[in-house]
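The values are calculated or read from the model by the stated rules, or taken from the named source; none is laboratory data. For clarity, every value in this text was computed on a predicted model and none was experimentally measured. Backbone-built Cβ (ideal geometry, glycine too); neighbour counts: all protein chains shown.
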């Protein structure tokens, strides 16, 4: 009799859950954040790296994002304000990411020329990190 090895579905599911937990997001949180922002959390994580956000902020799930100049961004979706001045809404998050100095001329956060599509992706990632 020929025996085939079958993958252990439970082990695969457990490994997927561990990988998701390691990056700080869950599939449900990513779906919710995408619906809120119109962005893609996976592209947002890549954009966070590309724009160097981690040089100033600690961002859970983004390798090398260990900055201490700005506030840590874990749990930002549950905060009342963005940058201390804007009510925390998805559109305001996108606005802040695109041009923080237009919102608050005294902020230390630089304007990096982030287009709206990338800002929506970044916001989606940030809202997905609990």
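Brief remarks follow.
- Residue within the stretch 59-74 that is touching a residue at least 40 places away in the same chain (Cβ under 8 Å) and touching a strand residue (DSSP E or B) at 6+ places or on another chain (Cβ under 8 Å) present: yes
- Qualifying residue in the stretch 96-103 (condition: touching a strand residue (DSSP E or B) at 6+ places or on another chain (Cβ under 8 Å), at pLDDT 95 or above and under 18 Å from residue 121 (Cβ atoms)): yes
- Scanning the stretch 48-83 for residues that are part of a helix (DSSP H, G or I) and buried (at least 17 other Cβ atoms within 10 Å of the Cβ) yields a total of 5.
- Here residue 120 meets each of (1) free of Cβ contacts under 8 Å to residues at least 24 places away in the same chain; (2) surrounded by 21 or more Cβ atoms within 10 Å (Cβ to Cβ) with one exception, condition (1).
- Taken over the stretch 23-47, the criterion of being assigned to a loop (DSSP other than H, G, I, E, B) and surrounded by fewer than 17 Cβ atoms within 10 Å (Cβ to Cβ) is satisfied by 26, 38.
- A single entry from 84, 77, 64 fulfils the requirement of being in contact with a helix residue (DSSP H, G or I) (Cβ under 8 Å, 6 or more places away or on another chain), modelled with pLDDT under 95 and more than 19 Å from residue 30 (Cα to Cα): 64.
- Scan of the stretch 86-109 for residues that are assigned to a loop (DSSP other than H, G, I, E, B) and under 18 Å from the mean Cα position of the chain (by Cα), ordered by number: 88, 89, 99, 109
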